[in-house]
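Since the structure comes first, as structure tokens, the remarks are kept for the end.
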Amino acid sequence: MAEPPAPARTVIENCAVATVDATGTEHASGHVVVSGHLIESVGPGPAPAHLAGVTRRVDATGHLATPGLVNTHHHFYQWLTRGLARDSNLFDWLVALYPTWARIDEAMVYAAARGSLAMMVRGGVTTAMDHHYVFPRGAGDLLGAEIRAAREIGVRFSPTRGSMDRGESAGGLPPDFAVETTEAALLATEEAIDTHHDPSFASMLRIGVAPCSPFSVSTELLRESAALARRKGVRLHTHGSETVEEENFCKELFGMGPTDYFESTGWLGDDVWMAHCVHMSDADIDAFARTGTGVAHCPSSNARLGAGTARVPALLSAGVPVGLGVDGTASNESGELHTELRNALLVHRLAGGPGALDVRQALRLGTYGGAQVLGRAAETGSLEAGKLADLVLWKLDGLGHSTIADPVAALVLGAPAPVTLSLVGGRPVVENGRLVTADEDAIAREARAEARRLARIAADAG
């Protein structure tokens, strides 16, 4: 019997390597061998000689190899409404923008998703998520539009089917015409899971269940969504403890703070992660640690809205899984995750002093921490044999970084580093700072046209 053909291999060598594994293994000059869609080996020095089936060999001198970045919170549709409500807190910002967001349609969401994804992927993101919760009647297949955009760009994707059923007349923030009925939201969420969710190893598409927030969702929808997610075996996501106003809202309406309210509705657990978690007491942190509930930390968005600084060092010390999130680009106009590494470090040192967070902790938040939060730490988030070949080569020998001797410090503290190569499952998605799977200029033109169309529609409805 003939021997099976040797697997196609990509060899990357002569670069610094930060594996972000359990012990933080690093190599000043090392290699990564990719076989098919998996990492075959990682180690110091050049790759083993005489490997069969090598189809590409990359001399990565002057670069740092890291796991691909993992984004744990976003709202793609907001790509079309950047730069608005610039001086508002969260509640005022939402009230100002909900009427515009309630006019989105499928073409707009597709263009916004392409813009959001292109910006992140070009900056080193290999696993993205989105929390989409605005579903105007007759708007088309909005979740499907995002999924199509992610498939075309080639990124690993964890969209969550969000929902809102508490409109203004029920004491919520969204206008009544922007919300669904409880029954309709649950039915649509179950249909999204049945249609799209792929739980397999190396899956490119995992669906989550994501009612929006305590101030836009009924208690019934929260409880029933948690039951649905657990019946289907998918993860749960929502916003939590983002602002003082949210805390006051929960105490006034439910007689308890957000964490206690979430626990009372079944929304703490190791299959749950929440965005922001800025205003948390020691008891709240203990509850997250006890239940394994994760956190998507969004430092730039929290700063943009003046929401406060999450207690990330305390969360990490307690053993809470924490990843980084861009958040929607109406509250983080840059739309990039790699800048959040630096911003996370700086805001926590501002709040807690120079020992609050170090550069390697910041990198871990953006890689392995994110994979933990999304339930994919066994597959991605670190450079280890047998894991998915989701990795990034950062160019650090140019003007912005060449005099910083520590490559991880250069990546986190320096200017945004160019991405020379980014692989998702072994397939290139970025080469020399540009997407190879889509036309960036066309994406920008189409997003601009859809943003202008949305603005006209909102003004006419206005």
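Each value in this text was obtained by applying a stated rule to the coordinates, not by laboratory testing. Because the structure is predicted, anything quoted here is derived from the model rather than measured. All Cβ positions, glycine included, derive from the backbone under ideal geometry; neighbour counts span all protein chains shown.
Lysines within cross-link reach of K232: Cα-Cα under 26 Å, excluding same-chain residues under 8 positions apart?
Those lysines meeting the cut-off are K387.
Given labels modelled 7 Å from the Cα in the Cβ direction, how far is it in nm from A283 to D406?
Each label point lies 7 Å from its Cα, and together they span 3.9 nm.
Tell me, what is the FRET efficiency for E245 and F177 to the nearest 0.05, using R0 = 22 angstrom and their Cβ-Cβ distance as r? Walk me through the intermediate numbers first.
On the way: r = 23 Å, r/R0 = 1.05.
The formula returns an efficiency of 0.45 here.
Fewest first, what order do D390, D286, D194 take by the number of other Cβ atoms within 10 Å?
Numbers: D390 32, D286 14, D194 10.
The fewest-first ordering by Cβ neighbours comes to D194, D286, D390.
Sequence neighbours fewer than 8 away in the same chain don't count; with that in mind, list the lysines whose C-alpha is under 21 Å from K395.
none
Take Y98, Y110 and order them by how many other Cβ atoms sit within 10 Å, fewest up front.
On the way: Y98 20, Y110 24.
With the sparsest Cβ surroundings first, the list reads Y98, Y110.
Which of Y368, Y77 comes first, and how do the rest follow, when ranked by fewest Cβ neighbours within 10 Å? All intermediate terms of the calculation are to be shown ahead of the outcome.
Details: Y368 23, Y77 26.
Sorted ascending by nearby Cβ count, the order is Y368, Y77.
In debye, nearest 20, what is the charge dipole magnitude of the chain about its Cα centre with +1 on Lys and Arg Cβ and -1 on Asp and Glu Cβ, if you could check?
Details: 38 positive and 54 negative charges, 192 e Å.
Dipole of the chain, to the nearest 20 debye: 920 debye.
So, in Å, what gap is there between the alpha-carbon centers of region 272-325 and region 2-75?
32 Å
Could you work out the percent of alpha carbon pairs in the chain separated by over 39 Å, rounded to a whole number? Intermediate results must be reported in sequence, preceding the final value.
Numbers: 19431 of 106491 pairs.
Cα-Cα pairs of the chain separated by over 39 Å account for 18 percent.
Can you give the helix-only mean residue ellipticity at 222 nm for the chain, where every DSSP H stretch with n ≥ 4 adds -39500 (n - 2.57) and the sum goes over all residues, rounded to the nearest 500 deg cm²/dmol?
Details: 15 runs with 165 residues, N = 462.
Taking each H run of at least 4 residues, the total per residue is -11000 deg cm²/dmol.
In terms of Cα to Cα distance under 16 Å, which aspartates and glutamates are near enough to K251, apart from those fewer than 8 places away along the same chain?
Once the sequence-local aspartates and glutamates are set aside, what remains near K251 is E242, D260, E263, D284.
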